[in-house]
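What follows draws every value from the coordinates through simple rules; no lab data is involved. All values reported here derive from a predicted model rather than from experimental measurement. Positions of Cβ are backbone-derived with ideal geometry, glycine not excepted, and every protein chain shown enters the neighbour counts.
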Amino acid sequence: MDRPLTRPHEIRNPESLPRPSGFSHAVIAHGGRTVYLAGQTAQRADGSLVPGSMAEQFDVAAGNVVLALDGAGARPHDLVSLQIFVTDVAEYQRLSKEIGVAYRRHFGDYYPAMALVEVRRLFDPKATVELMGVAVIA
C-alpha cells in the first residue's frame with residue numbers, strides 16, 4: 001500500500017505544558033481505521049528472544065512494531081500513541097542515546113503521544129523492554 005510519507009495526524013504541544021523531548025503531548029487523529037498493536041518485545045519470528053542490552057532489545061522491539069504496522073497496512077507515522085514498558089528506568093535513562101538512535105532508525109523524527117512505564121518484569125523474564133501502540137490510518 002503506497003501512501004505519501006506525510007504526517008496524517010496533528011501534533012499538539014501546548015505552551016502551558018513543559019516542552020516535550022522525544023514525545024508529543026497530544027495527537028489528533030482525523031478519521032481512518034484504528035490499529036491496536038500488541039506488546040512487542042525483542043522476540044524473533046521463531047519465538048526466541050534476542051539477547052543483549054536494553055538498547056539492543058529496544059531496537060528489535062521497535063522493528064517488530066514496524067512489522068506489525070506493515071502487516072496492518074500502516075506506517076510508523078500512523079502511530080498516535082506508543083507505550084514503552086521497561087524493567088529498569090535507570091537503565092533506560094543510561095542508554096537513552098543508544099535507544100534514541102534505534103528509535104529514529106525505525107520511526108524517524110516522528111514522536112506520537114508516549115509514556116514510559118517501569119514494570120517489575122515482562123512475560124518473558126529475559127525481556128527488558130516492550131512496546132505497545134495505537135495507530136490510525138488516515
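Based on DSSP H runs of at least 4 residues, each adding -39500 (n - 2.57), what is the mean residue ellipticity at 222 nm of the chain after dividing by all its residues, to the nearest 500 deg cm²/dmol?
Computed ellipticity for the chain at 222 nm equals -8000 deg cm²/dmol.
I'd like the trypsin sites (Lys or Arg not before Pro) in segment 38-138 restricted to DSSP loop residues with at most 12 other Cβ atoms within 10 Å, sorted by number. Can you show the working numbers first?
Values: sites: ARG44, ARG94, LYS97, ARG104, ARG105, ARG120, ARG121, LYS126; in loops: ARG44, ARG120, ARG121, LYS126.
Listed in order of number, the matching sites are ARG44, ARG120, ARG121.
Per residue of segment 80-91, in order, report the coupling 6.51 cos²θ - 1.76 cosθ + 1.60 (Karplus, θ = phi - 60°) as ³J(HN,Hα) in whole Hz, putting x for Gly and Pro.
10, 8, 9, 10, 10, 9, 10, 8, 7, 5, 4, 5
Work out from phi, with θ = phi - 60° and the Karplus expression 6.51 cos²θ - 1.76 cosθ + 1.60, the ³J(HN,Hα) of each residue of segment 33-47, listed in order in whole Hz, and give x for Gly and Pro.
The phi angles translate into 9, 9, 10, 9, 8, 5, x, 10, 10, 8, 8, 7, 4, 7, x Hz.
Show the residues, 5+ positions off or on another chain, whose built amide H is closer than 5 Å to the amide H of GLY133.
The list, which skips near neighbours in sequence, is LEU37, GLN83.
Work through the residues other than VAL89 whose Cβ is under 13 Å from its Cβ and net out their charges, Lys, Arg +1 and Asp, Glu -1. Don't skip to the answer; put the middle values down first.
Numbers: positive: ARG94, ARG120; negative: ASP88, GLU91, GLU118.
Residues close to VAL89 contribute a combined charge of -1.
With axes computed from alpha carbons, what is the tilt in degrees of helix 54-71 against the longest principal axis of the chain, rounded to the nearest 10 within 0 to 90?
Relative to the chain, helix 54-71 is tipped by roughly 50 degrees.
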